[in-house]
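Computed from the coordinates by the stated procedures, all read-outs in this text should not be read as laboratory data. Remember, predicted model here, so these are calculated numbers, not experimental data. Here the Cβ positions follow ideal geometry from the backbone for every residue, glycine too, while neighbour counts run over all protein chains shown.
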Amino acid sequence: MAHKKIGIMTTGGDCSGLNTVIQRIVDACRRNKWDIIGIQDGTDGLYSNPTKTVDLTNDAFQFASSHLAGSILSNGHAWATNFESSARAGKLNTFNKRLQKSIKELQLDAMVLIGGNGSLSLAYLYPEIYSGLQLVCIPKTIDMDVPLTDKTIGFDTAVQQLVSYCDQLLLTARSHHRWFIVQTMGRDCGNLALSAGVAVAADAILIPEIKFDIENLVKHIKQSKRDYGIIMVSEGISIRGHSGKPAEMISRALNTANIPNRTAFPEHIQRAGDTTASDRILAAGFADTAIKAIENNETNVMTVLQNGEYKTISLSDFFNAGKQQKDPNIIGAMTSNAYVEPDNVLLQIASDSGIYIGEKRK
Ligand code: F6P
């Protein structure tokens with residue numbers, strides 16, 4: 001097998017499972033006798049002078065800690081020299097050129113980019129950055145909003161984190177006969193709230209993709225056989241005429257109806273937690289697929305899981321399959337997003353289980 005020099009980096013928000021992917025890729029490179037370099041801090045590390053790298057070839061990668069959340073390579077500052085702030089300052093071209101130069105200097109044959117739909121969209125939109133090497137992407141995000149893949153790294157662990165969190169809340173909820181309105185992450189995609197809500201048998205699940213009626217929600221809670229429970233609310237929902245955090249909006253409505261309640265914000269705990277078995281298996285599948293793609297000289301592709309099958313698709317297929325929306329931070333750039341579709345089996349299961357999921361699909 002031809003010798004290769006591989007770069008690997010994690011970009012966008014962190015999540016559990018990144019270290020498992022890195023570990024599996026590093027192991028495969030060692031088996032193939034390929035060199036592997038870790039880029040620290042994602043694109044910020046490529047932008048830095050000198051480029052922030054770590055040689056993973058002989059590094060004693062901590063296999064025993066590869067189940068821990070975060071990324072040993074770091075994801076970069078949310079506020080520093082990243083794409084968004086460069087774009088805001090009108091310096092995107094300079095930024096991209098610098099990345100291109102760094103990659104060239106590293107003399108890489110392939111780059112494994114582990115990122116969410118923002119990073120993948122940018123990789124598709126600015127292919128010149130990675131020209132001259134094979135670009136193989138691996139989708140990760142707790143939001144599960146990447147088109148054309150049934151799973152993304154980190155989602156399952158985030159659901160598990162929410163389940164553990166709600167299990168704890170339910171104990172105190174029961175003691176005080178009160179409801180907890182749990183606001184999940186997920187941006188404008190309801191997958192995280194939907195899965196966690198079904199898993200904990202929430203009494204209501206509110207997601208951005210489905211309109212809901214606050215009076216019907218109140219009625220549903222009042223008719224519940226219990227006087228405590230979980231109302232799972234995705235951070236992306238909105239109610240006309242109300243501002244502030246969605247969980248607080250719901251709380252005010254419940255207060256008006258004299259339903260005792262508290263709000264709860266698990267926040268970044270959703271991106272932490274030991275990687276679940278399911279995320280580790282996904283990491284193994286994606287890493288194996290990425291390595292095969294490199295062996296086969298593929299480029300501008302991403303790994304996906306579709307109906308139980310691991311394979312690669314082109315970044316162009318990924319980008320065109322989703323709902324393209326303007327990137328709020330990069331003028332002229334779009335991101336491609338997936339959402340909870342009306343035929344999502346969990347909606348039916350939730351509804352059949354007596355969970356209030358709203359009124360009308362948007
Ligand atoms: O995209 C992942 C995510 O965790 C979203 O669910 C959330 O809205 C956002 O990132 C939070 O970003 P930050 O960590 O920058 O606050």
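Some observations on this one:
- Of the residues Gly186, Ser102, Ser164, the one whose Cα sits farthest toward the positive end of the charge dipole of the range 93-198, with +1 on the Cβ of Lys and Arg and -1 on the Cβ of Asp and Glu, is Ser102.
- Contact order for the chain, expressed relative to its length and based on alpha carbon pairs under 8 Å spaced 6+ residues apart, stands at 22 percent.
- Over all distinct Cα-Cα pairs of the chain, the Kirkwood formula returns a hydrodynamic radius of 21.4 Å.
- What you get for the range 1-81, charging only the Cβ of Lys and Arg (+1) and of Asp and Glu (-1), is a dipole of about 360 debye around the Cα centre.
- The Rg/Rh ratio for the range 92-199 is 1.19, where Rg is the radius of gyration of the alpha carbons and Rh is the Kirkwood radius.
- Between Glu248 and Asn296, the modelled label-to-label distance comes to 5.1 nm, taking each label 7 Å out from Cα in the direction of the beta carbon.
- In this rough spin-label picture, where each label sits 7 Å from Cα along the Cβ direction, the Glu215-Lys91 distance is 5.5 nm.
- Candidates Thr149, Thr184, Thr141, ranked by Gaussian network fluctuation over the chain, Cα under 10 Å, top entry: Thr149
- Summing charges over all other residues whose Cβ lies under 12 Å from the Cβ of Asn255, with Lys and Arg as +1 and Asp and Glu as -1, gives +2.
- Count of lysine pairs in the range 306-362 with Cα separation under 23 Å (8 or more residues apart, or interchain): 4
- Within straight-line reach of Lys97, meaning a Cα separation under 17 Å, sit the following lysines at least 8 residues removed in sequence or on another chain: Lys52.
- Considering only Thr20, Ile72, Ala2, and ranking their Cα positions along the charge dipole of the range 1-150 that arises from unit charges at the beta-carbon of Lys, Arg, Asp and Glu, the one farthest toward the positive end is Ala2.
- Simple Cβ-charge dipole of the chain, Lys/Arg +1 and Asp/Glu -1, about Cα centre, in debye nearest 20: 540 debye
- Per-residue ellipticity at 222 nm, computed for the chain from helices alone with -39500 (n - 2.57) per DSSP H run of at least four residues, works out to -11500 deg cm²/dmol.
- Note on the chain: GNM, Cα springs under 10 Å; of Lys225, Lys292, Lys104, the largest mean-square fluctuation is that of Lys225.
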